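A short write-up of the structure that comes next.
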Amino acid sequence: MKLTPAAEKRLKKLLPPEAAGFSVTGYIGTCRGSTPVLHPAECAADSQETITSNGITFFVNADIAGVFRECEMDYDPALFGKGLNAVWPHREGCACHQG
């Protein structure tokens, strides 16, 4: 997983002191651009894998851990920007309709 400096800065700002990282339970979108579904968490759930990038810990649901390990996350703070946005290499079964 790769975090851009903007994403790293935003995630550090969002993480409360009592949380150990972010629980990632899914994403909305495709390989071309997705919004991760995440919230602060103290620890991983039984069905989650722990992934660390740039000193930020993510507790990721096992069914999306492979995609999440390969993603690049950025942050677009513009008024009509994308916010936190993740992209990853296209793969079979993706809903992006890329050939």
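The values are calculated or read from the model by the stated rules, or taken from the named source; none is laboratory data. Since the model is a prediction, treat every value here as computed from it, not as a measurement. Cβ sites come from the backbone with ideal geometry, for glycine too, and all protein chains shown count toward neighbours. Surface accessibility is based on the protein's heavy atoms, side chains included, excluding ligands, DNA and RNA. Shrake-Rupley method; radii C 1.70, N 1.55, O 1.52, S 1.80 Å.
Is it true that Gly29 is surrounded by fewer than 17 Cβ atoms within 10 Å (Cβ to Cβ) and either of a type in the set (Gly, Ala, Ser) or within 10 Å of the chain's Cα centre (by Cα) (or both)?
Yes: the conditions hold for Gly29.
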In segment 1-25, residues that are among the acidic types (Asp, Glu) and open to solvent by 70 Å² or more (accessible area, probe 1.4 Å) total 1
Any residue in segment 60-71 that is at pLDDT 85 or above, within 21 Å of Leu14 (Cα to Cα), within 11 Å of the chain's Cα centre (by Cα) and β-branched (Val, Ile, Thr)? yes
Given the condition of a type in the set (Gly, Ala, Ser), at pLDDT 95 or above and out of contact with any helix residue (DSSP H, G or I) (no Cβ under 9 Å at 6 or more places or on another chain), answer yes or no: does some residue in segment 22-43 qualify? yes
Given the conditions (1) out of contact with any Leu (no Cβ under 9 Å at 6 or more places or on another chain); (2) at pLDDT below 95, report the number of the one that Asp76 does not fulfil. (1)
Going by what's in this entry, would Thr35 be described as of a type in the set (S, T, N, Q), open to solvent by 70 Å² or more (accessible area, probe 1.4 Å) and under 13 Å from the mean Cα position of the chain (by Cα)? no
